[in-house]
Structures are given as C-alpha cells and as structure tokens.
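Participant: A single structure is presented below for examination.
Taken together, the values in this text are just the output of simple stated rules run on the coordinates, not laboratory data. Nothing here was measured: the structure is a model prediction, and the numbers come from that model. Glycine gets a Cβ as well: all are built from the backbone with ideal geometry, and neighbour counts include every protein chain shown.
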Number of protein chains: 2
Amino acid sequence: MRLSRAFLPTLKETPAEAQIVSHRLMLRAGLVRQTSAGIYAWLPMGWRTLQRVGQIVREEQDRAGAQEILMPTIQSAELWRQSGRYDAYGPEMLRLKDRHEREMLFGPTNEEMVTDIFRSFAKSYRDLPRNLYHIQWKFRDEVRPRFGVMRGREFLMKDAYSFDLTKEGAEHSYRQMLWAYLRTFQRMGLRALPMRADTGPIGGNLSHEFIILAETGESAVFYDADFEQIDWLGADFAPDSVQDMQRCYDLATATYAATDEMHDEAAWARVPEARRRQGRGIEVGHIFYFGTKYSAPMGLSVQGPDGQQVQPEMGSYGIGVSRLVGAIIEANHDEAGIKWPDAVAPFRAAVINLKQGDAACDALCDKIYRALGDDALYDDRAERAGVKFADADLMGHPWQVIVGPRGAAAGMVELKRRMTGERHEVSPEDALGKIRG
Amino acid sequence: MRLSRAFLPTLKETPAEAQIVSHRLMLRAGLVRQTSAGIYAWLPMGWRTLQRVGQIVREEQDRAGAQEILMPTIQSAELWRQSGRYDAYGPEMLRLKDRHEREMLFGPTNEEMVTDIFRSFAKSYRDLPRNLYHIQWKFRDEVRPRFGVMRGREFLMKDAYSFDLTKEGAEHSYRQMLWAYLRTFQRMGLRALPMRADTGPIGGNLSHEFIILAETGESAVFYDADFEQIDWLGADFAPDSVQDMQRCYDLATATYAATDEMHDEAAWARVPEARRRQGRGIEVGHIFYFGTKYSAPMGLSVQGPDGQQVQPEMGSYGIGVSRLVGAIIEANHDEAGIKWPDAVAPFRAAVINLKQGDAACDALCDKIYRALGDDALYDDRAERAGVKFADADLMGHPWQVIVGPRGAAAGMVELKRRMTGERHEVSPEDALGKIRG
C-alpha cells in the first residue's frame, strides 16, 4: 500500500485518555478509533493485525480438530432462561427488546446457543466427540471500560465448545485445547503461561487461564523460569493421541505458574530459588471443563453404545482476539513505538523513500515495493526523512528498507530490523530475501 | 475433512417453514440453523461458503482501491441525531440502552459512523480521495423475516464509503465500485445486472441496484440479452483510469435493464425484439452517490487546494454477503440439491468411498483425500452408496470422486461434475488434475 493514498492516520500527540502503553500506541499509530465508550472501529493497520491474530487462532483450532462455525451476536433470552443464567448474569449483559417486545441480548458468550444447536442434531454417541468454535464479536457492558481494546465493551473472542461422551474424553478435549493455546500464543511471539483458575460464572470442575507477562498486567504472577525454555511448536505432539496430549498437559502444568489468587507458597518453595520469577500478567485465554452444567438443564442427550441416553460432557475455551492485539503491544514496544512480531505485523516491511522525486530513489523503491506487493507499506509521501523514520518506528513494521540517493546510485539499500534495531547496508535482492524470510 | 467426524448435519425431510428453494436447501444441507426469527447460526459448510463469498468481495474491493476497516456493530444514537436519521429511521432499527441508560443502536448501515471517523482525521484535499469499506454484521428488525438468509434480521453486509473533493471525483469513485461489483458477481458464477434505482432512505442523486436473475426473485425485470455476453473479468479496465471507468460504466448502462418500478416502455421498444428478456430478480448489491448529504450536516470538511474549506462528496456501496449465499443457490440448484460454482463451494470435491473397510478402496480414498487436503470432504461413513450419493448431490460439491472396489482394483475412479452431471472413469492423477483446475 502506498502511504500517500492510505488511510493510516497517525497522531503526533499522546492522547490524554489512554492510561496504558498499548492503548496510547494503538491510537497514535492509527490502529483504532473509539466510537463510543469501550467500543472501537479498527482502522486499516489495526484491522490487518486483528485478521492475522484471528487467522493464527483459526489455524491452531483447526489443527486440534475443532470445526469453525459462526453464531449470531443477538440471542434470545429464552435460551438463557433454560440454563438459569439469564437472571444470574449481571448488568454486564446487554439486554434489549425487538420490535415485537421479545427479550433478546447481545451475546457475552455462547454456551447456551451452542448447546441448543448441538442438541437439535446430535442423536447418537457416533455424533461425539465434536468441538465447535467461532470467532465473533461479543458485548460485555463493563461499568468503566478502559485500557483501549484490552477491556472494551464490544470485543472479538474465539470461543470453542467441546462435546464428549465420557469424562475421560472431555479431559482429552480439554488437553487438546491447552496444546492448541500454547502453540497459538507462541506463534504470535508471546509466552503465555497456563495457570489454574477459578471457574467463575462459567462454572465447572477444571480451568486454566493463559497469562502473558507484561509490566502493566492486571494480576501478579509467580512462575518457574523453566517454562520459558519449552518450545511448543517444536514439540512433536499428535492431537489425536491421548498419550501425547497427556504428556503435553503434564509438561505445561508441572512447571510452577500461578496468579496471586491461586498462589501456593508450599509449591513455590520447592521451585529452586534461581528459577523463581515474579511479574505481572495479562489474561489472554481461559479454558473450562464443566461436565454437564449446560447439557443437563438444557436437555442435551445422545444414545450411548448400550442404548442408554447420555448427557454429553462439555468444556468451553476462550481466546480474547481483540485483546491480544493490545497484549502483543504491551509485550513488544519501546519508546519509539510498536515492535510487531513477524507473524502478526500488519505489513512485513516499510519501504522508505528518503528523496521522493529523485529518479533513482523512486525507481528502486518502486521495484522493491512491486516485489513485496501487499506485504509492504511504501512511504512515498513528500515528507522529511525524520517524519518517515518516526512513523515507521511508531507503526512497528518488522523490517524497514531505507532508500536514499547515495545508496540508490550504488544499488544498495539500508535494511533495519525493528525488533533489535540492527541496520545493515545490503543489495535490494538480499533485503527482499531477508524480508520474505 | 472426514465426514465421519464432521459437524455437517443434513436433514432428510424438507423443513415446512422454508418457502423458497435456497432456504430449504440451506437447511437440508446443514448450512445454517435458525436461532431466533430471522437470525441464523452458520454451520461449518455454510460458514465456509460465506467466507469464500466474503473473500471474493474483499479482493475486488481491494483491487478497486478501497481500504478495509472494521466498524463495530453497536453505535451511539447521538451520531444518528447529527444526520437527522435517528428519528427518521423506522422500527427496523434495533434500538437499545446500555447500563448507563445511554441510547445506542445495532447498526443497520454506517454512513454516520464512517463520516465521524473520517472527519476526525481528514484535514486537507491531500487526504482525498479515499474509499473505506468493512464487512460486518448488521441488524434490521424486519417485521416478518422470511426466505432464510435472503431476508434475515442479522445479516452480513459489505459496505464501502467514498470521499472525494469534487463531483467528478465522486462519479469516478462510483464507477470504480460499479466495475468492482460486475467483477465480483461474475467471479461467483452470477450475472448481476446493474439497474437504475431510487435512492430511498440513503438519499442522493444516483443509484444502481445489482440484480441477479432467479425465478423466485422479488422484482420483475426487463433486460437486453446482450448483457449476458459481456465478460467483465476479461475486459481490460484499469481502475485508476477515469476513461476506463467511464467506458465500463457506459457499457454496463447502455444495455437495457430495469426493474418494473423503473421500466421505460419507450426505451424497451428500441431493444430488438429477439433480445428482449423478462424475468424475476434478486437484489444483491446497491450503490449510491449522494454528494454532501452526510458531510454537510455532520460538519465534515477539508481544506481545498485554494485554502477554502470543502465538504467532501460521498457515496456508499453495499453488497449483501450473507444474502448472496442464498442467491447463489437460487441460481444454481436442481431437484437433488445445490450445484455450487467452483469459486464459492465449501469443498471443491467429495471423495466417496463406496466400500468402507475394503483395503483397496480405503487406501485409494486416503491417498486422494491426503492429496486434496482441506479442499476435500471425505465421505468415510459406514453408509450405503445411495446415501452417500444423495448427500454429495445435496451438498453440491463441484466434483465427486467415486471410489468402488472394481475401480480401485484397476487403479481407476469415477469423476462426476455436479454442475453438468457428466461422469468419466479416470485415473486418480487425472481426477486430481481436473479438481485442482
């Protein structure tokens, strides 16, 4: 995309309302704009990032055997009465009435709806196990929305729902999702630690939060530094193997990690002192196993192999997709701006023309831009070099290809790696090779 | 995907509530399930199709120079008061109040919001032209929702908004979108005819509806058969060229096409009798040029080249993305089920194993399924051949690879083309080559 024609409105001033760095940088870099309290429009740069984050989530859900659907945002209150949650849910639920005065709501989560869909089709044990997920906008009417997209009211969530015939099957499904989450966050350049959690309003027996480390995190966390050494992408686990998923779960949960709420001093004392780490963390995912909490009251049952009716064992698995964009920035930034990890960057590279109008610079920039196509943002504006450098650092593209008159004459460019600050003079071909990875 | 593990619930009976064929087939083939009146969950097959339709829309919007953003579903009533539409809009608008009793609404369209976003950033004529679009769920509280996703209450729409400095610029933007629409629909295997239209509640000076032909269409249409000969994908128009876009517009609008509302008997009489066609049509897109209808009351202005403030000329451009799924089925089906055009099919091929458990059949099916990967649905169920054939025809995959014991022994398969019904015995390699196109 050519910056001269793009809608990428950066701000020079730091917006006064933004209390945390990700919110400030998302506003300054033109990723989002607030349209009402806690409700955001995603501008082209932000939307590109949100799509990349969502696509990684999707690929790892698919890999773990979950199947994508899309449930609507507006739900009937009647469904929530069946589970007993309509009255239990507080003012965070956005309730409304349609033109026929029917009570509806903007879904904050989908346990009821997916159970309703599943019960209308599943008749036999052969219809199990299944795991259905969707990536859809939710609404929670927070009393004081803040921290930008980290605690917005309308937010994008991936929520998956598993249905199993037995408790053992449900635990396997739970571990598959835990494995998928470890891979998902690592692919985004994050370390997310699974920590035992209370089950809260979802209910149930077993629950883990996934928390990434960031100074601005909402919770204090305690963890074993060994966790940082585990490479979930390199590990050879097969999602269909019960043994592999058990091994993955054991590996992930044997290493100590806890929020202050669930902190266990006795277990902590057994972690060698040199490996003890304390910090703050941001929750980016939450998984639950809750048995028949919804299948029982909502009348979901299937015929088992012995002819008896069985209520499926269920779990639900959430990832805050829009929240992750903020969390990634919290974990990857400096004074100058964002430092996108490669996998989620809106553009892989900025092409910076230091002398717009100089024939050699224009020709070389055009050539590089054409070669990179949609992966590049071409700064072809009639602006000073300083402005272009500052905007590229602020927007946080992983690579900057800097083209000046002297280099262009010699057929060379400067290639800067935003994450490390390294700069090298290289040929355009070498630059393209590095950017394409 | 293996059908034995998939969540693809087909129905044997025709649902009584479905009045039109696309609604019946979408329910029978397990594409969607109604969750409230006029509100649908998209099941895996339906969701895959919806994504493919949306992706074609996206690619053609990008090609025409529009930039993707994502605006939220919930909007503030205050914005709509600025344009004067809050009170003008009827009971189709879903109005609600948040926990602080602020008046909000579920957006039926986004002229106000995009104008608000644009006015907060655009300061100068250099910030024009721009075209911003999003693909987002909308809500219109129809009094009697019907025809499945064709007239739902929560529906997916692509809406683009152009901002230009001059009337001439705005007309060029309008023509770019007209060109993008002609390409978009042709890529989906549809012929959509642009017809002059009233501007209705959006307001403005110039408007075209895009209407595809289908017997169940809501409007009677009159058109010149010559229109069917024009190949918009083969035509060499450059979207940045004012001349090219004018030529495209002239070509598309010189050929007679009108709904009965706008039918002009005098012009119709000038169409040679042999080329006159009458039929019924379904609206799948609508484009508007409305000048300063929103920029004026909402105070959007930029500094012109001469230092004077100018109110941008605007247009808006909608495509009913979820409606298109129904419209494509209306235009492509037979007694047995759906006949997906290649570009939007949820799976390119079904692999049909006629003898599950036969070593040669299983091995050959596995090989073909592995080669096709995510493009194939493998019917590995322990079902009779007749059930598998009927389901494959119902679901409408463009290709069926049929593997039986005799063929497998000879290393051959039967390849069926759903659109034409043609069947040929071919080698597995030839089948893969044809399916991959």
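Participant: Kindly state, to the nearest 0.05, the FRET efficiency for B:A238 paired with A:D264, given R0 = 56 Å and r defined as their beta-carbon distance.
Facilitator: Numbers: r = 67 Å, r/R0 = 1.19.
According to the calculation, E is roughly 0.25.
Participant: Skipping prolines and chain starts, which residues have an amide H placed within reach, meaning under 5 Å, of the one on B:K293, given they are 5 or more residues away or on another chain?
Facilitator: Under 5 Å from the amide H of B:K293 lie the amide H atoms of B:M314, each far enough along the sequence or on another chain.
Participant: Grab the Cα-Cα distance for A:M419 and A:K167, subtract it from 0.36 nm times how many residues apart they are, and report the gain in nm with one decimal.
Facilitator: Working: separation 252, 0.36 × 252 = 90.72 nm, distance 4.50 nm.
Full extension of this stretch gives 86.2 nm more.
Participant: What's the magnitude of the charge dipole for the stretch B:297-437 around its Cα centre, counting Lys and Arg as +1 and Asp and Glu as -1 at the beta-carbon? Answer in Debye, nearest 20. Could the numbers behind the result be given before it?
Facilitator: Details: 16 positive and 21 negative charges, 61 e Å.
Around 300 debye, computed over the stretch B:297-437.
Participant: Okay, next question. Can you give me the relative contact order of chain A as a percent, contacts being Cα pairs under 8 Å and 6 or more apart?
Facilitator: Numbers: 876 pairs, mean separation 74.7, N = 437.
Relative contact order of chain A: 17 percent.
Participant: Evaluate the relative contact order of the stretch B:373-437 (contact order divided by residue number), counting alpha-carbon pairs under 8 angstrom at least 6 apart; express in whole percent.
Facilitator: Details: 57 pairs, mean separation 14.1, N = 65.
Contact order relative to length: 22 percent.
Participant: Using the crude model of +1 on Lys and Arg Cβ and -1 on Asp and Glu Cβ, and no other charge, please compute the dipole size for the protein assembly as shown relative to its Cα centre, in debye to 20. Provide the component values of the computation, followed by the final result.
Facilitator: Details: 112 positive and 124 negative charges, 5 e Å.
Roughly 20 debye for the protein assembly as shown.
Participant: To one decimal in nm, how far is A:G279 from the same spot in the other copies, if labels go 7 Å from Cα toward Cβ? Please give the shortest first.
Facilitator: Shortest to longest, the spacings are 6.2 nm.
Participant: Hey, if you put +1 on the Cβ of every Lys and Arg and -1 on every Asp and Glu Cβ in the stretch A:294-437, which of A:A376, A:P312, A:A431 ends up farthest toward the positive end of that dipole?
Facilitator: Projecting each Cα onto the dipole axis, the largest value belongs to A:A431.
Participant: Next question, about the same structure. I'd like the distance between the alpha-carbon centres of the stretch B:379-437 and the stretch B:235-296, rounded to an integer number of Å.
Facilitator: Result: 42 Å between the Cα centres.
Participant: Taking amide H atoms as placed 1.01 Å from N in the peptide plane, list the residues 5 or more away in sequence, or in a different chain, whose amide H sits under 5 Å from that of B:R418.
Facilitator: B:W399, B:Q400
Participant: Additional query: For the stretch A:392-437, which GluC sites (Glu not before Pro) are both in a DSSP coil and crowded by at most 11 other Cβ atoms within 10 Å? The partial results should precede the final answer.
Facilitator: Numbers: sites: A:E414, A:E422, A:E425, A:E429; in loops: A:E422.
Listed in order of number, the matching sites are A:E422.
Participant: So what J values fall out for the stretch A:354-361 if you push phi through Karplus, 6.51 cos²θ - 1.76 cosθ + 1.60 with θ = phi - 60°, rounded to Hz, Gly and Pro as x?
Facilitator: Residue by residue, the stretch A:354-361 yields 7, 9, 3, x, 6, 4, 5, 4 Hz.
Participant: Further, regarding this structure: Have a look at B:L415, B:F288, B:Q186 and report the one farthest towards the positive end of the charge dipole of chain B, computed about the Cα centre with Cβ charges (Lys/Arg +1, Asp/Glu -1).
Facilitator: Farthest towards the positive end: B:L415.
Participant: I'd like the orientation of helix B:321-331 relative to chain B: the angle between its Cα long axis and the longest Cα principal axis, in ° from 0 to 90, rounded to 10.
Facilitator: For B:321-331 against chain B, the angle is about 50 degrees.
Participant: Mind listing the label-point distances from A:Q303 to the same position on all other copies, shortest first, one decimal in nm, points 7 Å along Cα→Cβ?
Facilitator: 7.7
Participant: In addition: Taking amide H positions as placed in the peptide plane 1.01 Å from N, state which residues far from A:V351 in sequence (5 or more) or on other chains have amide H under 5 Å from it.
Facilitator: Under 5 Å from the amide H of A:V351 lie the amide H atoms of A:L377, A:Y378, A:D379, A:V401, each far enough along the sequence or on another chain.
Participant: Same structure, new question: Looking at the stretch A:309-357, which GluC sites (Glu not before Pro) are DSSP coil and have at most 15 other C-beta atoms within 10 Å of their C-beta? Don't jump to the answer; show the numbers that get you there.
Facilitator: Working: sites: A:E313, A:E330, A:E335; in loops: A:E335.
In loop regions of the stretch A:309-357 (DSSP not H, G, I, E or B), the sparsely surrounded GluC sites (Glu not before Pro) are A:E335.
Participant: In the stretch B:95-175, which GluC sites (Glu not before Pro) fall in coil by DSSP and have 10 or fewer other Cβ atoms within 10 Å? Don't jump to the answer; show the numbers that get you there.
Facilitator: Working: sites: B:E101, B:E103, B:E111, B:E112, B:E142, B:E154, B:E168, B:E171; in loops: B:E101, B:E142.
Answer by residue number: B:E101.
Participant: Distance in whole Å from the B-onto-A rotation axis to the closest C-beta of chain B, together with the residue it belongs to, please.
Facilitator: Nearest-to-axis residue on chain B, with distance in whole Å, is B:L96, 2.
Participant: Another question about this same structure. Which pairs, out of A:K123/B:K339; B:K367/B:K434; B:K12/B:K388; A:K388/A:K416; A:K12/A:K388, put more than 19 Å between their alpha-carbon atoms? Write down the numbers at each step before the final one.
Facilitator: Values: A:K123/B:K339 29 Å; B:K367/B:K434 16 Å; B:K12/B:K388 13 Å; A:K388/A:K416 13 Å; A:K12/A:K388 13 Å.
Going by Cα-Cα distance, A:K123/B:K339 fall outside the 19 Å limit.
Participant: FRET efficiency for B:I230 and B:E101, Cβ-Cβ distance as r, R0 = 56 Å, nearest 0.05?
Facilitator: Values: r = 55 Å, r/R0 = 0.97.
With R0 = 56 Å, the Cβ-Cβ based efficiency is 0.55.
Participant: I would also like to ask the following. Nothing charged except the Cβ atoms of Lys and Arg (+1) and of Asp and Glu (-1): what's the magnitude of the dipole of chain B about its Cα centre? Round to the nearest 20 debye. Each step should come with its number before you reach the end.
Facilitator: On the way: 56 positive and 62 negative charges, 239 e Å.
Dipole of chain B, to the nearest 20 debye: 1140 debye.
Participant: Given contacts defined as C-alpha pairs under 8 Å and at least six residues apart, what's the relative contact order of the stretch A:1-92, whole-number percent? The partial results should precede the final answer.
Facilitator: Details: 56 pairs, mean separation 14.9, N = 92.
Relative contact order, the stretch A:1-92: 16 percent.
Participant: List the distances, in nm and shortest first, from the label point of A:D430 to the matching label points in every other copy, placing each point 7 Å from Cα along the Cα-to-Cβ direction.
Facilitator: Here the equivalent label points are 5.3 nm apart from this one.
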